[in-house]
Amino acid sequence: MAPERSAKVGTTTALLVLAGAAVVAYGLDQLSKYLVVSNLTEGETVQVLGQVLEFQFVRNPGAAFSLASGMTWIFTILAAGVITFIIWFARRIKSVAWAMVFGLLLGGVLGNLTDRLFREPSFGLGHVVDFISTPWMLPAIYNVADISIVSSMALFMILTIRGIGLDGSREERRPKGAKASESVAAEPQTSADAEPGGETEAGPRASLSAPRPSES
């Protein structure tokens, strides 16, 4: 099956897209956390769009969406490992879409890792600042870094389902009967080559095989 090229770019371009997505995600995350810590009291809730969107300042010692709150140091190590892997793996990416996946993931993981390293109570055990609440959708409080991570996972699934590789190529999906049709079409068409009178190219011609009357 012939591969279909889809948004294939050079390594340098992919790295720039990855870095740009990571910087934007990280910058928005840290800026929003700074504004929340500076203007809200811990535990305070501010309704932005009624029950649809609320800001509720909490400090989360666990993973995204307040999961596993007693394992902060493990998530710190895992986050550092993910960042190291992305930096090492980045040169293999030659697709804008995949660069966005790893860029959003890098920015989100780095945003929460910054909190764990430099916020209270101590280095490596810091609590992540969460403040976004959407009770109608999720029974959890999260932040911009979490949104970035989840978005990267959603894009990852879309690209995987569509069969797009890291180099931007995508294999064509043909109908199930296409292969059989092609093999039938490739067979020698002896019947089509038959000449009038039932003679075929492969067989001897009747006019040549019949004896000629002797000339006397």
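The values are calculated or read from the model by the stated rules, or taken from the named source; none is laboratory data. Owing to the predicted nature of the structure, the values given are computational and were not obtained by experimental measurement. Quick reminder, even Gly has a Cβ in these numbers, built from the backbone with ideal geometry, and neighbours come from all protein chains shown. Just the protein is used for accessible areas: all its heavy atoms, side chains included, with ligands, DNA and RNA removed. Shrake-Rupley method; radii C 1.70, N 1.55, O 1.52, S 1.80 Å.
The table below lists the values:
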{"item": "Accessible area (Å², 1.4 Å probe, nearest 10) - residue 37", "result": "50 Å²"}
{"item": "Mean Cβ count within 10 Å, highest first, over the residues of peptides 52-59, 87-94, 24-31, 40-47", "result": "24-31, 52-59, 87-94, 40-47"}
{"item": "Cα-based shape type of segment 84-126, given that a ≥ b ≥ c are square roots of the gyration tensor eigenvalues and the cut on a/c is 1.5", "result": "prolate"}
{"item": "For segment 110-132 and segment 145-169, distance of Cα centres in Å", "result": "26 Å"}
{"item": "Packing rank of 132-143, 104-115, where each peptide gets the mean count of other beta carbons within 10 Å, highest leading", "result": "104-115, 132-143"}
{"item": "Charge context of residue 120, other residues only, Cβ under 15 angstrom, K/R +1, D/E -1", "result": "+1"}
